[in-house]
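Accompanying notes for the structure given below.
The values are calculated or read from the model by the stated rules, or taken from the named source; none is laboratory data. Keep in mind it's a predicted model, so treat the numbers as computed, not measured. Glycine also receives a Cβ, built like all others from the backbone with ideal geometry; neighbour counts cover every protein chain displayed. All accessible areas refer to the heavy atoms of the entire protein, side chains included, with ligands and DNA or RNA removed. Shrake-Rupley method; radii C 1.70, N 1.55, O 1.52, S 1.80 Å.
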Amino acid sequence: MIKRAVALLATVAAAALPSQAGAEGLDVDLRGYIRSYAIYADNDETGGTTASNDLRQFDFRREIEIHFKGETELKNGLTVGLQAEFELGSEADDGSVPTGKDPNQFDEAFLYFKGKFGKLHFGSKDGAAYMLQVAAPAADTNIDGMRVYMQGLNPDVWDDGVINASFAPAGFALRLGYDNADFRGVDKIAYFTPEFMGFRAGASYAPEDGQNQVDDAFNGMNLNDRPGKFENIWDAGIRWDGDLGPVGLQAGAGVVHATPEVNAAVGASGSDDLTSWNAGLALDYQDFSLGAAYRHSDTGVSGPDTDRQTYFVGAGWDHGPWHAGASWYRQNFDSNANSFGFVDDISLQRITVGGGYILAPGVSFRSTVSFGSVDTGVAANDTDFTQITFGNEIKF
């Protein structure tokens with residue numbers, strides 16, 4: 001199945017980008033990555049060790065993506081391209097995949113045009129706020145980076161220590177990252193300016209919350225008033241990359257705003273406008289780096305005290321093939337974000353230390369240890385957690 005999909009996508013990429021210079025002017029690349037980890041996680045769940053409240057502590061995790069990128073330069077200097085990211089899931093039909101979900105699916109797929117005017121995206125892609133966001137150094141970017149990919153910690157136990165789905169609605173996945181991407185993967189149009197003296201800016205727009213599925217183009221238009229869904233999604237971001245003497249500097253900020261298609265019930269997601277904004281700063285000097293980031297979101301829930309604040313500070317050391325890093329992460333959830341079932345304000349903290357070694361170009365080994373705690377305002381419900389990871393990442 002995977003081989004047939006790869007062959008089909010390569011054919012589509014080649015056919016979709018005609019070149020004025022002929023077939024020899026088309027450049028089609030196959031890239032991607034494989035991330036494989038062994039994870040130990042102690043979630044410190046309470047309420048006994050019954051089957052309904054006993055989380056596994058050790059497991060293997062992986063993530064695999066294949067990226068197809070084809071582009072050609074026209075005689076007028078305009079570059080036209082296509083990028084499609086194919087996410088490989090379970091290879092076996094063993095019933096472990098949720099009903100109606102293809103284990104092998106597209107993650108992002110978009111067209112782009114670039115030239116002296118800048119760059120224009122159209123399709124399923126992250127918004128401008130995320131694309132221009134500044135990431136701070138981390139112990140392992142897959143574990144404690146801006147967008148977390150490997151997480152063994154279960155958020156459900158953090159409000160009361162019990163596996164009872166009271167922390168968040170069913171199917172809600174809480175990642176301990178700080179990426180400003182409330183509507184990642186939504187089909188949108190985006191524009192990014194050319195770089196000028198280190199500055200770049202961008203903006204993106206999506207009519208509605210949702211990603212096109214196979215044959216959606218033949219299904220007509222969606223309903224206009226869907227509770228819990230958002231529309232008129234705007235992203236904007238700005239970033240500067242440069243040097244201040246011997247110190248490298250990155251600084252940036254971004255904002256996301258969306259309105260509900262129709263206001264949901266008071267206290268539920270989609271009962272108010274959603275606005276999220278971020279700011280970040282990163283410095284590097286010789287082998288050392290230091291950075292900080294902040295993200296604030298009002299969660300799209302009506303009523304006072306429904307905000308979520310995220311703080312992150314990270315430091316790194318890179319010398320030849322060696323890397324070492326450490327980070328501090330804090331996320332505050334205000335008590336009246338009722339769609340998440342909070343009883344009181346929740347404050348979650350995590351400290352991560354770790355490092356890695358580059359075995360060869362594109363091949364790295366990584367290991368981290370994370371310690372965290374959750375303050376719920378009720379001493380009996382406060383919990384601690386520990387996570388240890390060993391893994392590798394191969395890029396091609």
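Look through segment 342-396, keep the residues that are in a strand (DSSP E or B) and among the acidic types (Asp, Glu), and return whichever of them is modelled with the highest pLDDT.
Glu393
Are there any pairs with C-beta distances below 6 angstrom linking a residue in segment 173-190 that is under 17 Å from Thr299 (Cβ atoms) and without any contact (Cβ under 8 Å) to a residue 24 or more places away in the chain to a residue that is surrounded by fewer than 23 Cβ atoms within 10 Å (Cβ to Cβ) and not aliphatic (A, V, I, L, M), with the two at least 6 apart or on different chains, and if so which?
Cβ pairs passing all conditions: Leu174/Pro155.
Which one of the conditions (1) crowded, with 20+ Cβ neighbours inside 10 Å; (2) at pLDDT 95 or above; (3) out of contact with any strand residue (DSSP E or B) (no Cβ under 8 Å at 6 or more places or on another chain) does Ala293 fail to meet, given that it meets all the rest?
Here Ala293 clears every test but (3).
Any idea how many residues of segment 218-249 are open to solvent by less than 30 Å² (accessible area, probe 1.4 Å) and under 21 Å from Ala201 (Cα atoms)?
Of the residues in that region, 6 qualify.
Quick one: in segment 250-275, of everything that is at pLDDT 95 or above and open to solvent by less than 20 Å² (accessible area, probe 1.4 Å), which residue is farthest from Asp209 (Cα to Cα)?
Here the residue is Gly252.
Any idea which of (1) under 30 Å from Phe371 (Cβ atoms); (2) open to solvent by 30 Å² or more (accessible area, probe 1.4 Å); (3) modelled with pLDDT under 90 is the one Asp93 doesn't satisfy?
Exception for Asp93: condition (1).
Open to solvent by less than 30 Å² (accessible area, probe 1.4 Å), modelled with pLDDT under 95 and of a type in the set (Val, Ile, Thr): does that describe Val301?
In short, yes.
If you scan segment 156-199, which residues turn out to be modelled with pLDDT under 70, more than 22 Å from the chain's Cα centre (by Cα) and open to solvent by 60 Å² or more (accessible area, probe 1.4 Å)?
Within segment 156-199, Asn164, Ala165 meet the criteria.
Considering each residue of segment 137-148, count those that are touching a strand residue (DSSP E or B) at 6+ places or on another chain (Cβ under 8 Å) and open to solvent by less than 10 Å² (accessible area, probe 1.4 Å), and give that number.
6
Which one is nearest to the chain's Cα centre (by Cα), of the residues in segment 364-396 that are farther than 18 Å from Gly152 by Cβ and open to solvent by less than 40 Å² (accessible area, probe 1.4 Å)?
Ser364
Report, by residue number, each residue of segment 110-155 that is modelled with pLDDT of 95 or more, within 27 Å of Phe60 (Cα to Cα) and of a type in the set (S, T, N, Q).
Passing the criteria: Thr141, Asn142.
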